[in-house]
Amino acid sequence: QVTGYLDDCTCDVETIDAFNNYKLFPRLNELLESDYFRYYKVNLQKPCPFWDDSSHCGMRDCAVQPCPSDEVPDGIRSGSYKYSEEANNLAEECEEAKRLGAVDDSLSTETRQAVLQWTQHDDSSDSFCEADDIHSPDAEYVDLLLNPERYTGYKGPDAWKIWNSIYEENCFKPQNVKRPLASGRGDDGGQMFYKWLKGVCVEKRAFYRLISGLHASINIHLSARYLLQDTWSEKKWGPNVTEFQQRFDEVLTRGEGPRRLKNLYFLYLIELRALSKVLPFFERPDFQLYTGNKSQDAETKHLLLEILHLAKSFPLHFDENSFFAGNKKEAAKLKEEFRLHFKNISKIMDCVGCFKCRLWGKLQTQGLGTALKILFSENLIEKIPESGPSYGFQLTRQEIVALFNAFGRVSTSVKELENFRNILQNMR
């Protein structure tokens, strides 16, 4: 039932379906199976910063199996990412810059310019997300292929509390405007909510739609990889149509399901746009996806560039120039609010009680945060020199792995929708 054009865009659902399912999804999947992209370092032990939470999910499907360190490729584990030695050096230089103080008169003009660039990089390097301290003793490598995102049984008040605090406290929404289908609130079919949403600026509307799209995407993964059979001899995972319908069927959700799915497509367009914009960063000859296996690394980079060129070729990209385009002072203030709200959401992920859900929640918010960082760093990316350091714009390995895996999840959701569509047609 989800067809046609998307709000605030020139693109339609059918164009995305055809492009994703037949061109991009198969290649992206291949990329995410490579050693560089399958290992993600994450700290799942961080305490929840917002409320006391000791209610960890005790079910075995919630557990995450970290990698024994000898299974992680040397190049990734040693931290000697050759491509980002410049990033490592920059971190030291930033410290040095702070120590020197950017206004030290004894510095030459060139040095002062460089100090300024380092500090800018320092400011932008953690733009939209509360990043894990990957040097913490609690941070461990996880093989994402061995810990797939699927239904774990984590639901009820704990899971509801997470999403509720994301929507109620971080989506620019006033308390008196109730979300559609919010339980026990005399729902008006979402009329008041959508009237409010229509009246806010395009940036705040986009923020809500990105979060709703992320929520929809996660719900599709849970419905598509549901525990269908659990006996002592085997576990069987697969699509659960009833679960899918409860979340997205137009009648059962009183019109809300199709809106959620359109927001998923909106999220797809935003992340796809970021991939098309970041091409110059990855195209530089001295950029490597370093794992220590030279021939494999070259193949992975070749596939990565193929995917980015494919992303760039998409005919109906989202035009992000409408964002923050008004009065400069107001735009800067709004952009900062946008950044802080998103940063807060990334912190909420440390309150998720199920470790597997926490892992994928952290990865997908960091990936979306990285996509936003790219879209808001367009001027810096355009100035990247073909060789040598790119002081103005930098991505860490964490951000790169999160960016592509997060987009992989959204791309998978669009593909899974086609599967559910076929199953439902065959049932009629």
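The values are calculated or read from the model by the stated rules, or taken from the named source; none is laboratory data. Since the model is a prediction, treat every value here as computed from it, not as a measurement. Cβ placement follows ideal geometry from the backbone for every residue including glycine, while neighbour counts extend to all protein chains displayed. For accessibility, only protein heavy atoms count, side chains too; no ligands or nucleic acids. Shrake-Rupley method; radii C 1.70, N 1.55, O 1.52, S 1.80 Å.
Sorted by accessible area with a 1.4 angstrom probe, largest first, how do ASP249, ASP70 fall?
If we order ASP249, ASP70 from most to least accessible, we get ASP70, ASP249.
Using a 1.4 Å probe, how large is the accessible area of LYS46, given in Å² and rounded to the nearest 10?
Here the residue's solvent-accessible area equals roughly 50 Å².
Taking the full set of protein chains and a 1.4 angstrom probe, give the accessible area of CYS357 in square angstrom, rounded to the nearest 10.
40 Å²
Taking the Cβ-Cβ separation of VAL202 and TRP232 as r and a Förster radius of 51 Å, what is the calculated FRET efficiency to the nearest 0.05?
0.40
At a temperature of 10 °C and a viscosity of 1.306 mPa s, determine how fast the stretch 176-267 diffuses translationally according to Stokes-Einstein, using the Kirkwood radius over alpha-carbon pairs as Rh; express D in µm²/s, rounded to the nearest whole number.
For these conditions, the coefficient is 108 µm²/s.
Determine which lysines satisfy two conditions relative to LYS23: a Cα distance under 27 Å, and not lying fewer than 8 residues away in the same chain.
The reachable lysines, counting only those whose Cα sits under 27 Å from LYS23, are LYS262, LYS277, LYS301, LYS312, LYS373, LYS415.
Net charge near ALA331: determine it from the other residues with C-beta under 15 Å of the C-beta of ALA331, scoring Lys and Arg +1 and Asp and Glu -1.
Spelling it out: positives minus negatives among the neighbours equals 0.
Subtracting the Cα-Cα distance from 0.36 nm times the residue separation, let me have the gained length for MET427 to GLN65 in nm, one decimal.
Value of the extension gain: 126.6 nm.
Just the accessible area per residue of the stretch 326-374, please: how many Å² with a 1.4 Å probe?
Result: 33 Å² of accessible area for each residue.
Using a 1.4 angstrom probe on the protein heavy atoms only, line up HIS302, HIS341, HIS221 by accessible area, largest first.
HIS302, HIS341, HIS221
Can you work out the FRET efficiency for the pair GLN246 and SER387, with r the C-beta to C-beta distance and R0 = 60 Å, to the nearest 0.05?
With R0 = 60 Å, the Cβ-Cβ based efficiency is 0.65.
Could you provide, to the nearest whole Å², the per residue accessible area of the stretch 263-319 with probe 1.4 Å?
Accessible surface, normalised per residue, equals 37 Å².
Could you sort LEU363, LEU340, LEU334 by accessible area so the largest value comes first, with the probe set to 1.4 Å?
Of LEU363, LEU340, LEU334, the descending order of accessible area is LEU340, LEU334, LEU363.
Among the GluC sites (Glu not before Pro) within the stretch 343-415, which fall in a DSSP loop and have no more than 11 other Cβ atoms within 10 Å of their own Cβ?
Hits after loop and neighbour filter: GLU386.
Please give the FRET efficiency for GLU306 paired with GLU337, using the beta carbon to beta carbon distance and R0 = 56 Å, rounded to the nearest 0.05.
0.90
In square angstrom, rounded to the nearest 10, how much accessible surface does THR15 have for a 1.4 Å probe?
40 Å²
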